[in-house]
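Q: What follows is a single structure, and I will ask about it in a moment.
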Amino acid sequence: MRIVLDTSVLIAALRSSTGAAAENLRLVLLKKLTILMDYKLSCGYRDVAFRAEHLSVSGKTQEETTLLLDMLEALAEPVLVVVRHTPLSQDANDDMVLEVAINGGADAIVANNTKHFREPAKRFNLKVLTPAELLNEFRKRR
């Protein structure tokens, strides 16, 4: 399954090693899910992940966080955003996630707050799932 993670899911996974978001991340690292990413989204992940409050709650050092993000980038299928459909939503960061999903042919966008993505994703037949819903979909496909 090809997915794009909203930044909130990545941060939730970094801040806590338990829960659905962390399990989503483990499945990506185990190559059971394919994460799609472009350079802009990767920079967005790093910008938020290195904020002091997230590092503090996660208990991870900047080096450990860098290593994890480097691994994700190495595993990610790169997406070149050629066709832009913006604005799709009220938030430019949501548009960034949507553009990667659309241009990369994602099966789903994974987000904690799905309501921001549902309407624009519908136009492109994209699923929008919470981390828990993604786990349910993953289990059904096995």
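Computed from the coordinates by the stated procedures, all read-outs in this text should not be read as laboratory data. Since we're looking at a predicted model, the values are computed, not measured. FYI the Cβ positions are ideal-geometry reconstructions off the backbone, even for glycines, and counts take in every protein chain you see.
Q: Inside region 43-90, can you point out the residues that are farther than 13 Å from Gly104 by Cβ and of a type in the set (Gly, Ala, Ser)?
A: Taking region 43-90 first, the residues farther than 13 Å from Gly104 by Cβ are 43-75, 84-90.
Correct list: Gly44, Ala49, Ala52, Ser56, Ser58, Gly59, Ala74, Ser89.
Q: Six or more apart or on different chains, Cβ atoms under 8 Å: show the pairs whose first residue is in region 110-133 and farther than 17 Å from Ile35 by Cα and whose second is among the hydroxyl-bearing types (Ser, Thr, Tyr).
A: What qualifies is Asn113/Ser8; Thr114/Thr130; His116/Ser89; Phe117/Ser89; Glu119/Ser89; Pro120/Ser89.
Q: So which residues in region 18-51 are in contact (Cβ under 8 Å) with a residue 12 or more places away in the chain, hydrophobic (A, V, I, L, M, F, W, C) and in a helix (DSSP H, G or I), if there are any at all?
A: Ala20, Ala21, Leu25, Leu27, Val28, Leu29, Leu41, Val48, Ala49
Q: Evaluate the following for Ala108: is it over 12 Å from Met1 (Cα atoms) and surrounded by fewer than 22 Cβ atoms within 10 Å (Cβ to Cβ)?
A: Judged against the criteria, Ala108 is not a match.
Q: Kindly check whether there is at least one residue in region 74-81 that is in contact with a Gly (Cβ under 8 Å, 6 or more places away or on another chain), of a type in the set (Val, Ile, Thr) and in contact (Cβ under 8 Å) with a residue 60 or more places away in the chain.
A: Scanning region 74-81, I find no residue that is in contact with a Gly (Cβ under 8 Å, 6 or more places away or on another chain), of a type in the set (Val, Ile, Thr) and in contact (Cβ under 8 Å) with a residue 60 or more places away in the chain, so the answer is no.
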